[in-house]
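J.: First the structure, which I've put down as structure tokens, then a few questions once you've had a look.
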Amino acid sequence: MTTVRTDVLDDLLWRGLVAQSTDLAALRAVLAAGPVTYYCGFDPTAPSLHIGNLVQLLTMRRLQDGGHHPIALVGGATGLIGDPKPTAERTLQTRETVADWVERVRAQAERFLSFEGDNAATVVNNLDWTEPMSALDFLRDIGRHFRVNKMIAKEAVGARLQSEAGINYTEFSYQLLQGMDFLELYRRHGCTLQTGGSDQWGNLTAGLDLIHRAEGGEVHAFATPLVTKADGSKFGKTETGTIWLDASMTSPYAFYQFWLNAEDSQVGTYLRIFSFRERAEIEALEAATRERPAAREGQRALADELTALVHGPAEHAAVVAASLALFGRGSLEELDERTLAASLAELPRATIPAGSGELPPVVELLAETGLFPSRSAARRAVVEGGAYLNNQRVADEAAVPTKADLLHGRWLLLRRGKRHLAAVEVTG
RNA sequence: GGCAGGUUGCCCGAGUGGCCAAAGGGAGCGGACUGUAAAUCCGCCGGCUCAGCCUACGUUGGUUCGAACCCAACACCUGCCA
């Protein structure tokens, strides 16, 4: 018999991970009474999960560390339908695409859970019980428990009903499918708790109601908060786009830099949500950030822990070395080739053939690497003193790099302003 | 359906024949100061083979040596009347 930590829920509350929940006292009681089987679903809407999903994954892990039994659900079925967004209809992906993404998402989710011990994680795919079901069974056994009056009151659905575009029947049905998932896991695995993002609250309660009606069962749910930036804008997006967990979609370097650049005012919040450090340790980091913000101890701790967690210790070490090299001014020439190549590998780059003797002008390279949208913009930046070659400010807008500028005979490091870097590789 | 007004650069908005790549503000970018922050100050902010040229003021056509600006048609938007 597995013993459970009795303070799991209090820890989650302290971390601000419970934005909404069913009866909190009842939830606390069942979590304290013994191992609870809980689930959280991940729909394959892209080839990779992103750091928003990380909130869910880590919350699952926290509950598992507390002695409870996790079920990670991948939405092979729900991914074919699409959860209604308040703004617009989702593009239906092909079955092949969804099947491919399901496997990718499954592999990613598995890395954050433990498959050892009494409460080893289980992974399920809702396509397994949804696909075999006939439309008639679905309508008779599931559909009859749902009141349309309540369905249209849900936030995302309501927003779409107000809009001119409306909502199609496929997306409207989504909450039934997610409700059915919870019912199915309740029946098969005795699952009595579902977690999800707060935007999922309507779908979480759909399952709750269904289990109550169909089985008379008493189950629980809580939603994690929507993480935001200080200005209220969406978390996890940068000018270059979403921060993905897949290293080929967001480089470990970019991932590390994202956390390192977290706002001072949000570091504490992020640490509570994403770090596995103990409360006392996090509070110490919060204090450090308040007292010595320039040291960015909180940001460093966040970046270190999460990069190592998501990309592994080897990648973490590499990106820390890369960040130090690229931002540590003046020492570029002394870097050994392996470290330099690894650092530059993380950056956007342009490749030019060695061929004829002359290298292109700096202005052209700045535009070519995407650091500037046009040569005019690059030229202006040079005049303004905002462009750098190998960490040296470029003084002349007509400057042309020479062979002597090439680091280890083939690399150039370009920078725009203080923190936008790009590499040029001379091949051949 | 009738009358009136409008459509300008990423957004808001001035401009009513040459001095207009187009005032001002916002957003964005760079510099200084910092911490690869924030605030503040300064500069930049269509493109290019950059003292010049090209493209652009809803669309198309016209008047003129010359049009964001005048004329015509079309499209869309807003107010008032029905």
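J.: Run the count for chain A, please: Lys pairs, Cα-Cα under 26 angstrom, 8 or more apart or on different chains.
T.: 12
J.: For chain A, what is the calculated [θ] at 222 nm in deg cm²/dmol (nearest 500), taking -39500 (n - 2.57) for each run of four or more DSSP H residues and dividing by its residue count?
T.: The helix-only estimate for chain A comes to -13500 deg cm²/dmol at 222 nm.
J.: Arrange the peptides A:138-145, A:173-180, A:257-264 so that the one whose residues have, on average, the most other Cβ atoms within 10 Å appears first.
T.: Answer by packing, highest mean first, reads A:173-180, A:257-264, A:138-145.
J.: Given a 1.4 Å probe, how much area per residue of segment A:331-428 is accessible, in Å²?
T.: 52
J.: In whole percent, and with a 1.4 Å probe on the protein chains, what portion of the accessible area of segment A:45-108 is carbon and sulfur?
T.: Carbon and sulfur atoms account for 51 percent of the accessible area of segment A:45-108.
J.: Just to confirm, what accessible area per residue do you get for segment A:165-311 at 1.4 Å probe, in whole Å²?
T.: Per-residue accessible area for segment A:165-311 comes out at 42 Å².
J.: Treat each spin label as a single point 7 Å out from the Cα along the C-beta direction, and report the A:S374 to A:A314 distance in nm.
T.: It works out to 4.6 nm between the two label points.
J.: For A:N168 and A:T242, FRET efficiency with R0 = 25 Å and r from the beta-carbon atoms, rounded to 0.05?
T.: Computed FRET efficiency for A:T242 and A:N168 comes out at 0.45.
J.: Still on this model: Could you state the per residue volume, in Å³, of the convex hull enclosing the Cα atoms of chain A?
T.: It is 179 Å³ per residue.
J.: How much of the DSSP bridge set in segment A:347-428 is antiparallel, in percent, rounded to the nearest 5?
T.: 70
J.: Could I ask something else about it? Taking Cα atoms, how many degrees apart are the long axis of helix A:95-110 and the longest axis of chain A, rounded to 10 and kept between 0 and 90?
T.: The two axes meet at around 80 degrees.
J.: Dipole size in debye (nearest 20) for chain A around its Cα centre, Lys and Arg Cβ +1, Asp and Glu Cβ -1?
T.: In total the dipole reaches around 660 debye.
J.: Expressed as a whole percentage, what fraction of the accessible surface of segment A:347-428 belongs to carbon and sulfur atoms when a 1.4 Å probe is rolled over the protein heavy atoms?
T.: 48
The values are calculated or read from the model by the stated rules, or taken from the named source; none is laboratory data. In this text the structure is predicted, and so the values were computed from the model without any measurement. Reconstructed Cβ throughout: ideal geometry from the backbone, glycine too, with neighbour counts over all protein chains shown. Surface accessibility is based on the protein's heavy atoms, side chains included, excluding ligands, DNA and RNA. Shrake-Rupley method; radii C 1.70, N 1.55, O 1.52, S 1.80 Å.
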